[in-house]
Amino acid sequence: MAQKLLLHARVLGERAPDSGQGLANGRIQMHMEQPVNLLTFTQDELVEFFARGSEPAYRARQVFAGLHQRRLQSFAAMTDLPKALRAHLESTTKASTLSIESRYVSEDGTRRFLMKTHDDRPVETVFIPEEHRDTICFSSQSGCPLQCTFCLTAQLGLFRSLTAGEIVEQVIIALNDAYGVGMKPPRGINLVGMGAGEPFLNFDELMKALGIMADPQGLFIVPNRVTISTAGVVPRIRELAAITMRPHLAISLAAATDELRNELMPINKKWRLEELLNACKEFEQSLKPGERVTFEYVMLAGVNDSDEQARQLANLLNRHELRAKVNLIPHNPADPLPYEPSTPDQVEWFKAILESKGIHTYVRRPRGRDIYAACGQLAARRENNLLGVAVG
Ligand code: SAH
């Protein structure tokens, strides 16, 4: 069995996620030296994997439930499996590949996990408790290749895209930490793909992870509870619109003119506002009743927060006749970033101008700023002055 499982690990390999720049290189990368991570498999793939090792389907289903429903992070804990099978799985495969390096708890209850992949790459995940539900913000890449000037993650550059298993495991770790291993969340869980990285430059692994997490025999977090935020990878917006069970979409805008957006978000040079908004207009057709195309607008004092810029933003959205909603995000400051957050008064004024032009507008409350867990602050920080609790 061990032999067969190993062999199969080579056959299935692990699909290399999109490298970050090349959207469609479709390379297959074998990690022959690295035991296969069972978290990267859908339930059907796990059944197939076990079948090649002459193990029955019900065993695969047991393991799938062990990993995703009971959220067990080792085979040793799956005491319903025969000892010999546990030992084989232990020596040839992985039930977990992320290790927690530090865990920070904010005064508002937000928790930030700084983790490491098997090849020593940083991964950050944030757990945000709220009154009626809890939200987990996961990362799609280690670092980020986009060079948005207001975002601290950009300063890391891209290490690599994360596999589906690494995306799923972030959620498992955050859930176990918040509620206890395998314990049912007391409130609803929402997921947001707004951590480090550009999710749409890792589209295939992201969508695979969402499929695994939606499995009723697993975590059972359906796409309707998930929001993915993109800086504007236009072809993927179109692709997402065609998927029936799709997550919600948010677009990071930050500016209403190409001139300013080119400066703040260099991805705009590749896909201009006009093209982006046209894709959003197409995406609108896939919206459910009551749903809107969501735009995130980070508020930078003296850069993009003037009355004139509010009018430009409203005109841009109205010109495309978009069923839109704007979330204003006060900038989360970080030492090396050359920006200040807009004053609360200016944020309110900006909101009032948008609303006067018929745009639904909300102001997002920053969470976990004190522990560098807020939007745009994920940069593998591990300062001593944070309320960090070292784990392990
Ligand atoms: N790459 C994706 C997801 C990560 S960023 C994207 O661009 O959408 C998630 C959100 O955080 C984006 O809306 C982005 O505009 C916002 N953001 C980035 N840096 C920020 C900062 N320093 N303060 C406030 N929001 C920030």
Among His88, Ala373, Leu313, flag the residue with its Cα farthest along the positive direction of the charge dipole of the chain, charges on Cβ as +1 for Lys/Arg and -1 for Asp/Glu. His88
Roughly what would the spin-label model give for Ala77 and Ile100, points 7 Å off Cα along C-beta, in nm? 1.1
For Lys357, the lysines lying under 23 Å Cα to Cα, once residues fewer than eight places off in the same chain are dropped, come out as Lys281, Lys325
Within the chain, helix-based [θ] at 222 nm, where runs of 4 or more DSSP H residues each add -39,500 (n - 2.57), nearest 500: -9000 deg cm²/dmol
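Compute the length gained on full extension between Glu308 and Gln147: take 0.36 nm times their separation in residues and subtract their Cα-Cα distance, giving the result in nm to one decimal.
55.4 nm
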Candidates per chymotrypsin sites (Phe, Trp or Tyr not before Pro) in region 173-224, loop by DSSP, up to 16 other Cβ within 10 Å: Phe220
Top positive-direction residue, dipole computed over region 57-159 with Cβ charges, set Ala60, Leu98, Ala154: Ala60
Region 80-143: GluC sites (Glu not before Pro) in DSSP coil with no more than 11 other Cβ atoms inside 10 Å: Glu107, Glu131
When the dipole is taken about the Cα centre of the chain, and only Lys, Arg (+1) and Asp, Glu (-1) are charged at their Cβ, what size is it in debye, to the nearest 20? 1020
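Gain in length, Phe220 to Arg61, computed as 0.36 nm per residue apart minus the alpha-carbon separation, to one decimal in nm? Could you put the intermediate results ahead of the total?
Working: separation 159, 0.36 × 159 = 57.24 nm, distance 1.46 nm.
The span from Phe220 to Arg61 would gain 55.8 nm if fully extended.
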Nearest-20 debye value, region 96-152 charge dipole, Cβ charges on Lys, Arg, Asp, Glu: 160
Per residue, what accessible area does region 33-164 have, given a 1.4 Å probe and all protein chains present, in Å²? 38
Within region 268-315, what whole-number % of the accessible surface is contributed by carbon and sulfur, with the 1.4 Å probe and all protein chains included in the calculation? 46
Extended-chain gain in nm, criterion 0.36 nm per residue less alpha-carbon gap, Asp204 and Lys270: 21.7 nm
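The values are calculated or read from the model by the stated rules, or taken from the named source; none is laboratory data. Owing to the predicted nature of the structure, the values given are computational and were not obtained by experimental measurement. A quick note on method: Cβ atoms are made from the backbone with ideal geometry, for glycine too, and the neighbour counts reach across all protein chains shown. These accessible areas exclude ligands, DNA and RNA; they are computed on the full protein's heavy atoms, side chains included. Shrake-Rupley method; radii C 1.70, N 1.55, O 1.52, S 1.80 Å.
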